[in-house]
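What follows is calculated from the coordinates using simple rules that are stated; it is not laboratory data. Not measured: the values here are computed from a predicted model. All Cβ positions, even for glycine, are placed from backbone atoms using ideal geometry, and neighbour counts span all protein chains on display.
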Amino acid sequence: MDGLARIWGACLLLAGAVGLAACSNGASGLITGTTSLGAGDAPGGITNESPMARPIGVAMTSARARRCGFYFDPGKLRASYLAYESRQTPGDKLGSFEKSYDSTFNVISERISGDPEYCTEQKGTEIKAELARYLQGDFNPNFPKAKVVETCGFFGCPTAPDPDKKLDVKKFWQDQAVKNGK
């Protein structure tokens, strides 16, 4: 009997561990979709509304385009972007945009330089679209929108009844009778 209790205890412990692993798998609740900047390349926590979204977005695209061999001048794109920022923002913030651009460009270039399979056809299409937009002077950020994903428990997602709708017992039983063919 003692051996059976140990087996049951081990099964319960294993089931608990599996349940915890299932719950922690989607703990963040956010999944970013893929867009032109690439979900794996975008720094965490950057949204289109962030003050540093423009310099980071332009620098990332420039670094990615250079890595994939696109024909353009990264220095000219940088100068064009900084000229745009100088018209948009006060002079005291321009230095922070320039530093953000340069550090992002260097970090992304370093991160993707060692990946021989980085420049896929899909990434090339995405980079080309963003680069063309930036070369035309449109520096609005285009980071992936975060999609909220419901995290459900071990038994699935609960369905909440409509709080404004009252339960009509008579209608409920009539619907059940129709479903059951009575």
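Restricting to DSSP loop positions (anything but H, G, I, E, B) with no more than 10 other Cβ atoms inside 10 Å of their own Cβ, which GluC sites (Glu not before Pro) remain in the range 59-124?
For GluC sites (Glu not before Pro) across the range 59-124 that sit outside H, G, I, E and B with at most 10 neighbouring Cβ atoms in 10 Å, the list reads GLU117.
For ARG54, ARG67, ARG111, what ranking results if the residue with the fewest other Cβ atoms within 10 Å of its Cβ goes first?
Arranged by neighbour count, lowest to highest, ARG54, ARG67, ARG111 become ARG111, ARG67, ARG54.
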